[in-house]
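Worksheet: one structure, shown below.
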Amino acid sequence: IVDYGGANAAKPLHVGHLRSAIIGESIKRMGRFLGHKVIGDVHLGDWGLQMGLIITELKKRSPELVYFDDSFEGDYPEEAPFTVSELEEIYPAASAKSKEDEAYKNEALEATLQLQQGKRGYRALWNHIMKVSVEDLKKNYSKLHVDFDLWMGESDADRYIPDMVDYLKKNNYAYVDQGALVVDVKEESDTKEIPPCMILKSDGASLYNTTDLATIVQREEDYHPDEIIYVVDKRQELHFVQVFRCAKKAKMVEEKTALSFVGFGTMNGKDGKPFKTREGGVMRLERLIAEINDEMYKKIVENRSVKDENAQKTAEMVGLAAIKYGDLSNQASKDYIFDVERFTSFEGNTGPYILYTIVRIKSILEKYMQEGKNPNEGTILEAVNDSEKNLMLELSKFNSVIAPAFEEKAPHKICSYIYDLANAFNSFYHETKILSESNEEQKKSWIRLLVLCRDVLETCIDLLGFEAPERM
Ligand code: ARG
């Protein structure tokens, strides 16, 4: 199971969630390519304080809504009392108020608790919030070519909590410390202090640890996976150390079950600080994608190789490659600088450069086919010069790159491989007159080599989660 995406319902997707989606999608695709059965789960944040905040704010604005009438016993309306844009405005407003107003915050905490305890009207509102925001999230993830098998969330773990708590208590894994229920997870070899894993707060409320542990219980029951891979901001590492240790210690998973944390670094702006809009606000994902696409569109139109009606679509394809390659070509755990200009460049170690190389190969193959010939005939002959030999050697590395890239959950290894491969191809291309070659056997051999090169490059970019246009 790959646990990635991790968007929070009712909050707009921002660039912080971009990395999890991009890296997780790639790891999932690599695993599948190697023959594993891989399930991608978005694991939505759908159970926390943000829900209580929205409910509280709605109540202030429209106290007359039937959801707030405790004596109401009928069916609640099917239509949500808000649109997605209203929802996106409500959350930040509520969150700001709760930071200034203690009473407001307490109301929101109380609403969160009541929701979790099953209060009917709040449950109905929660269903509306979920429906509206999941619809919007699906739209955004699909623009990124990120696709989940499961749309589960923290709330789905809730029903596993009571039994899990009983089990932890009964088997003496958990004990009460200052009112809270905790499990010790420190180990002798620790060089820094690993605090106990808190299962329940003193007021009985569950925490992020609790939902993550209960989700392990649920995944064990439903899938009994060999491995669960979590693709989450590296600042959450301690949380996962605690959760993993607790799950192993309490035998909630087998000893051999791998629990892996792929912690990623922060995406920074050119100033080296977390990415912001020009006005200094939180950068929304939609806006970031639009900015990249505009930049790509300009470049593609300048090139004039694509007719106008296709230019927009091509810009989107190349734009996605620019974003994904820009991210994936860095080691996941490192912070990186999101540089629109560099990422959209057709030269250097970029997504557009890789696509440009693929498109170049495709156009040679197309011309060859226009001569009425089949590019899949003939055998590859011995290399005639160093650049051809180098290209062959690069191509032969494919298997020895993909398997370890998955083992190490390191998509950047695929990026650096295809960058070397694209360079090897381009050197070969500049030294070799392929289509005007008079020796037919030689020409066929080179064409076959090109087909192989295109296939390897296209397979690799598919593993990274993007694709190449026919022309650009
Ligand atoms: N919703 C969380 C966040 O925005 C990420 C969830 C990561 N996955 C997990 N199983 N905890 O920080």
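Report the normalised scattering of the chain as log10 I(q)/I(0) at q = 0.07, 0.08 Å⁻¹, calculated by the Debye formula with identical scatterers on the alpha carbons. For the chain at q = 0.07, 0.08 Å⁻¹, log10 I(q)/I(0) is -0.46, -0.59. Applying 0.36 nm per residue to the separation of ASP271 and ASP233 and subtracting their alpha-carbon distance, the gain on full extension is 11.6 nm.
In a DSSP loop and with at most 15 other Cβ atoms within 10 Å, the trypsin sites (Lys or Arg not before Pro) in region 30-117 are LYS37. With pairing defined as another cysteine C-beta under 4.7 Å, the cysteines of the chain that fail it are CYS415, CYS453, CYS460.
Each part reduced to its alpha carbon centroid, region 131-210 and region 333-382 end up 44 Å apart. Loop-located GluC sites (Glu not before Pro) across region 355-434 with a Cβ neighbour count of 10 or fewer within 10 Å are GLU371, GLU377, GLU382, with loop assigned by DSSP.
Volume of the convex hull of region 1-95 (Cα atoms only), normalised per residue: 134 Å³.
The fraction of all Cα pairs in region 155-310 landing in successive 10 Å bins from 0 to the largest distance is 9, 28, 23, 16, 13, 7, 3, 0, given as whole percents.
Are there any GluC sites (Glu not before Pro) in region 19-100 that are in a DSSP loop and have at most 15 other Cβ atoms within 10 Å? List them by number.
Numbers: sites: GLU25, GLU57, GLU64, GLU73, GLU78, GLU79, GLU86, GLU88, GLU89, GLU100; in loops: GLU64, GLU73, GLU78, GLU79.
Passing both the DSSP loop test and the Cβ count: GLU64, GLU73, GLU78, GLU79.
Normalised by the number of residues in the chain, what is the relative contact order in percent for Cα pairs under 8 Å and 6+ residues apart?
Values: 679 pairs, mean separation 77.8, N = 472.
That works out to 16 percent.
For the chain, give the share of DSSP beta bridges that are antiparallel, in percent and rounded to the nearest 5; count only bridges with both residues there. Taking every DSSP beta bridge within the chain, about 40 percent pair in antiparallel fashion.
Relative to the dominant Cα principal axis of the chain, helix 285-303 is inclined by about 10°.
Any read-out appearing in this document is the output of simple, stated calculations on the displayed coordinates, not a laboratory observation. Keep in mind it's a predicted model, so treat the numbers as computed, not measured. Cβ sites come from the backbone with ideal geometry, for glycine too, and all protein chains shown count toward neighbours.
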